[in-house]
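Enquirer: Following this message is one structure expressed as structure tokens.
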Amino acid sequence: MEFSVAPEDRISLLAAARAAVTDALAGHEPRTVEPVGIFARQAGVFVSFHLDGALRGCIGHPDGNQMLAIVVPQCAVAAATGDPRFDPVSASELDRCVIEVSVLGPISVVRDVGDIVVGRHGLIAEQGWRRGLLLPQVAVEYGWDREAFLARTCGKAGLPADAWKRGATISCFEADVFDDARAAWRRA
């Protein structure tokens with residue numbers, strides 16, 4: 001993998017995500033994160049919330065055109081309070097939520113779908129104005145093979161399942177995925 005996050009930086013990114021949501025749920029503006037170290041890096045990112053093992057919200061910004069100091073807090077707040085698939089996370093739920101951060105590496109167009117490695121690559125399907133993205137861990141969680149992963153990514157874009165065979169552009173990326181399940185600031 002071209003891009004990975006050092007263990008101490010993982011802790012900092014997770015803490016920034018949790019702090020931003022804590023502030024938002026309290027009605028405060030999120031704290032400013034200084035763009036130094038890992039936070040100065042430009043990368044795509046997704047932030048997910050899980051409660052009792054179930055997804056509770058996930059929002060991301062795949063394009064690596066913003067510093068992590070900006071995009072991690074924004075995605076964290078959006079995932080906790082603005083994912084249209086879920087009710088907003090409440091303050092009482094937040095302490096029980098596990099936050100997962102996926103920092104994306106470079107995105108490249110797939111020339112041969114045989115090069116896609118389930119569990120290693122995330123996928124993006126695009127055709128016209130439609131675009132769908134699935135993170136690498138999703139295929140593993142659902143036990144999908146390569147073709148199922150391609151079909152589900154096309155479906156996420158609102159395209160037919162076989163659009164990857166009929167002209168849709170498929171791109172892939174790697175991601176460093178980590179969560180705060182064992183972080184010291186979480187209470188059981």
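Enquirer: Taking the conditions exactly as written (in contact (Cβ under 8 Å) with a residue 12 or more places away in the chain, charged (D, E, K, R) and within 20 Å of His28 (Cα to Cα)), does Asp63 satisfy them or not? Step through it out loud before you land on a result.
Expert: Values: in contact (Cβ under 8 Å) with a residue 12 or more places away in the chain: yes; charged (D, E, K, R): yes; within 20 Å of His28 (Cα to Cα): no.
For Asp63, the condition - in contact (Cβ under 8 Å) with a residue 12 or more places away in the chain, charged (D, E, K, R) and within 20 Å of His28 (Cα to Cα) - is not met.
Enquirer: To continue, here is another question. What tally of residues in the stretch 73-102 results from selecting those that are touching a strand residue (DSSP E or B) at 6+ places or on another chain (Cβ under 6 Å), free of Cβ contacts under 8 Å to residues at least 60 places away in the same chain and within 26 Å of Glu34 (Cβ to Cβ)?
Expert: Result for the stretch 73-102: 5.
Enquirer: Can you tell me which residue among Gly132, Gly143, Gly114 is exposed (fewer than 14 other Cβ atoms within 10 Å of the Cβ) and closer than 29 Å to Arg10 by Cβ? Before the answer, list the steps.
Expert: Working: Gly132 fails: exposed (fewer than 14 other Cβ atoms within 10 Å of the Cβ); Gly114 fails: closer than 29 Å to Arg10 by Cβ.
Only one candidate qualifies: Gly143.
Enquirer: Residue check: is Asp83 modelled with pLDDT of 95 or more, within 30 Å of Asp9 (Cα to Cα) and of a type in the set (Asp, Glu)?
Expert: Numbers: modelled with pLDDT of 95 or more: yes; within 30 Å of Asp9 (Cα to Cα): yes; of a type in the set (Asp, Glu): yes.
Judged against the criteria, Asp83 is a match.
Enquirer: Quick one: how many residues across the stretch 47-63 are open to solvent by 60 Å² or more (accessible area, probe 1.4 Å) and touching a Ser or Thr at 6+ places or on another chain (Cβ under 9 Å)?
Expert: Residues flagged as open to solvent by 60 Å² or more (accessible area, probe 1.4 Å) and touching a Ser or Thr at 6+ places or on another chain (Cβ under 9 Å) within the stretch 47-63 amount to 1.
Enquirer: Another question, then. Looking only at the stretch 153-171, count how many residues are closer than 19 Å to Ser48 by Cα and surrounded by fewer than 19 Cβ atoms within 10 Å (Cβ to Cβ).
Expert: 1
Enquirer: Does Ala79 fit the bill of being of a type in the set (Gly, Ala, Ser), under 19 Å from the mean Cα position of the chain (by Cα) and either within 22 Å of Gln137 (Cβ to Cβ) or surrounded by fewer than 18 Cβ atoms within 10 Å (Cβ to Cβ) (or both)? Spell out how you get there, then give the answer.
Expert: Values: of a type in the set (Gly, Ala, Ser): yes; under 19 Å from the mean Cα position of the chain (by Cα): yes; either within 22 Å of Gln137 (Cβ to Cβ) or surrounded by fewer than 18 Cβ atoms within 10 Å (Cβ to Cβ) (or both): yes.
Taking the combined requirement at face value, the residue satisfies it.
Enquirer: Right, next: Are any residues in the stretch 5-46 under 23 Å from Gln137 (Cα atoms), open to solvent by 80 Å² or more (accessible area, probe 1.4 Å) and not in a helix (DSSP H, G or I), and if so, which ones?
Expert: Of everything in the stretch 5-46, those that are under 23 Å from Gln137 (Cα atoms), open to solvent by 80 Å² or more (accessible area, probe 1.4 Å) and not in a helix (DSSP H, G or I) turn out to be Arg41, Gln42.
Enquirer: Answer yes or no: is there a residue in the stretch 178-187 that is open to solvent by 40 Å² or more (accessible area, probe 1.4 Å), aliphatic (A, V, I, L, M) and either at pLDDT below 95 or in contact with a Phe, Trp or Tyr (Cβ under 9 Å, 6 or more places away or on another chain) (or both). Give the steps one after another, and end with the answer.
Expert: Let us first name the residues in the stretch 178-187 that are open to solvent by 40 Å² or more (accessible area, probe 1.4 Å), namely 179, 181-182, 184-187.
Within this subset, residues satisfying the condition of being aliphatic (A, V, I, L, M) are 181, 184.
Right, trim to either at pLDDT below 95 or in contact with a Phe, Trp or Tyr (Cβ under 9 Å, 6 or more places away or on another chain) (or both) and you get 181, 184.
Scanning the stretch 178-187, I find at least one residue that is open to solvent by 40 Å² or more (accessible area, probe 1.4 Å), aliphatic (A, V, I, L, M) and either at pLDDT below 95 or in contact with a Phe, Trp or Tyr (Cβ under 9 Å, 6 or more places away or on another chain) (or both), so the answer is yes.
Enquirer: Consider the stretch 66-85. How many of its residues are of a type in the set (Ser, Thr, Tyr) and closer than 21 Å to Arg41 by Cα? If you could, list the steps in order and put the result at the bottom.
Expert: Taking the stretch 66-85 and keeping what is of a type in the set (Ser, Thr, Tyr), we get 81.
Next, only the ones that are closer than 21 Å to Arg41 by Cα stay: none.
Of the residues in that region, 0 qualify.
Enquirer: Looking at (1) touching a strand residue (DSSP E or B) at 6+ places or on another chain (Cβ under 8 Å); (2) small (Gly, Ala, Ser); (3) surrounded by fewer than 17 Cβ atoms within 10 Å (Cβ to Cβ), which one does Gly105 not meet, given that it meets all the others?
Expert: (3)
Enquirer: Here's a follow-up. Taking the stretch 109-146, which residues are of a type in the set (Gly, Ala, Ser), closer than 22 Å to Cys75 by Cβ and out of contact with any Cys (no Cβ under 6 Å at 6 or more places or on another chain)? Spell out the reasoning first.
Expert: Keep residues of the stretch 109-146 that are of a type in the set (Gly, Ala, Ser), which gives 114, 119, 122, 125, 128, 132, 139, 143.
Filter once more, keeping what is closer than 22 Å to Cys75 by Cβ: 122, 125, 132, 139.
Listed by number, the residues that qualify are Gly122, Gly132, Ala139.
The values are calculated or read from the model by the stated rules, or taken from the named source; none is laboratory data. This one's a predicted model, so the numbers in the text were calculated from it and none came from an experiment. Here the Cβ is made from the backbone with ideal geometry for all residues, glycine too, and neighbour counts use every protein chain on show. We work out accessible area using only protein heavy atoms, side chains counted, and drop any ligands, DNA or RNA first. Shrake-Rupley method; radii C 1.70, N 1.55, O 1.52, S 1.80 Å.
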